[in-house]
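The values are calculated or read from the model by the stated rules, or taken from the named source; none is laboratory data. Treat the numbers as computed from the prediction; the structure is a model and nothing was measured. Neighbour counts run over all protein chains shown; Cβ positions are idealised from the backbone, glycine included.
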Amino acid sequence: MDDSNIAAMFQMLDSSNKGSISFIQYKEALKTLGLCTADEVLKDDGHGITCEKFMREVCICPASLQAFARRF
């Protein structure tokens, strides 16, 4: 998945154009993409997830990307 697709996904989640999404939206997006499991513990730092952070986190983990590739 290239950066434009990841950015487009973020924009769909950020329907109010605030420039950030909630931690819950972030975690659900990762689960939808197959990049984390339902029982995986992710830390919420209390801040919204920006597009830059979303893109960085989606692209950072090769094992997760391999899991994603197996789904498609």
If we scan segment 31-46, do we find a residue that is surrounded by fewer than 16 Cβ atoms within 10 Å (Cβ to Cβ), in contact with a Phe, Trp or Tyr (Cβ under 9 Å, 6 or more places away or on another chain), modelled with pLDDT under 85 and hydrophobic (A, V, I, L, M, F, W, C)? yes
Filtering segment 12-30 down to residues that are at negative phi and surrounded by fewer than 12 Cβ atoms within 10 Å (Cβ to Cβ) yields M12, S15, S16, K18, I24
Filtering segment 1-41 down to residues that are part of a helix (DSSP H, G or I) and touching a strand residue (DSSP E or B) at 6+ places or on another chain (Cβ under 6 Å) yields L13, Y26
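Starting from residues that are surrounded by fewer than 15 Cβ atoms within 10 Å (Cβ to Cβ) and not acidic (D, E), keep the ones in segment 47-58 and report whichever is nearest to S4 (Cα to Cα).
Per the criteria, the residue is R56.
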Near pairs, Cβ below 6 angstrom, 6+ apart or cross-chain, from segment 6-27 (acidic (D, E)) to any residue that is not in a loop (DSSP other than H, G, I, E, B): D14/I21
Pairing a residue in segment 28-45 that is under 19 Å from I6 (Cβ atoms) with any residue that is modelled with pLDDT of 85 or more and surrounded by fewer than 10 Cβ atoms within 10 Å (Cβ to Cβ), where Cβ atoms lie under 6 Å and the two sit 6 or more apart in sequence or on different chains, gives none
